[in-house]
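Reading through the structure tokens given below for one structure.
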Amino acid sequence: MEIDRTNSTGEAGGDDDDAVTIGEALEATALSAGNKAIDKSDVAAIQAAEDRATGLGHLVPGGIGAEAESAAAYNMKTTRGEEKTTLADVLTDASEKLVGDKAVTREDAQRVIYAELRNNDDQPTNPGGVAANVAAAARLNQK
């Protein structure tokens with residue numbers, strides 16, 4: 001999967017206009033794991049990513065973190081898989097939904113990974129999920 005770097009909405013950090021933003025990493029998740037129903041580990045990772053992108057230090061009312069939290073609560077009550085809210089439902093166009101965005105750093109990736117790990121009982125991180133894509137973006141930005 002390739003991340004489109006032609007229309008970055010955030011600060012690229014220094015002179016590197018090709019840096020991948022947090023919003024773009026979240027959009028990559030919508031493509032790579034978009035059919036996955038949102039659960040508590042996704043919520044934690046999305047909220048951590050939003051916090052790092054905006055720098056506000058709190059959940060944005062009506063933001064993607066709040067939307068993910070609402071989706072996970074709905075998914076817990078829903079038994080039919082096709083009715084559950086997916087990562088794609090929340091993360092498509094994430095760059096446009098974020099009130100702020102910035103290039104992904106290693107520290108951002110560490111925070112998102114930790115949030116997902118802390119809330120995931122089944123496996124280390126979700127393959128192709130939020131933490132995996134934010135980490136990949138951070139690696140790309142280090143080059």
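The values are calculated or read from the model by the stated rules, or taken from the named source; none is laboratory data. On a predicted model such as this, the values are computed, not experimentally measured, just so you know. Heads up, the Cβs are rebuilt from the backbone with ideal geometry, glycines too, and the neighbour counts pull from every protein chain shown. Each accessible area value is taken on the protein alone, full model and side chains, heavy atoms only, with ligands, DNA and RNA left out. Shrake-Rupley method; radii C 1.70, N 1.55, O 1.52, S 1.80 Å.
Annotations
- Dimensions of the chain along the principal axes, based on C-alpha atoms and rounded to the nearest Å, stand at 49, 29, 26, largest first.
- The figure for residue 51 is an accessible area of roughly 50 square angstrom, using a 1.4 Å probe on the protein chains alone.
- Each label was represented as a point 7 Å from its Cα along the Cα-to-Cβ direction; for residue 18 and residue 121 these points are 4.4 nm apart.
- On Cα atoms only, tilt of 22-32 relative to the major axis of the chain in degrees: 50
- The GNM of the chain, with springs linking C-alpha atoms under 10 angstrom apart, assigns the highest mean-square fluctuation among 52, 80, 106 to 80.
- The angle between the Cα long axis of helix 130-142 and the longest principal axis of the Cα atoms of the chain comes to about 10 degrees, rounded to the nearest 10.
- Accessible-area rank, largest first, for 69, 82: 82, 69, with all protein chains present and a 1.4 angstrom probe.
- Percent accessible area from carbon and sulfur atoms, the chain, protein chains only, probe 1.4 Å: 47
- Principal-axis analysis of the Cα atoms of the chain puts helix 40-54 at an angle of about 30° to the longest axis.
- Residue 122 accessible area, assembled protein chains, probe 1.4 Å, Å²: 140
- Rounded accessible area per residue of the chain, 1.4 Å, Å²: 53
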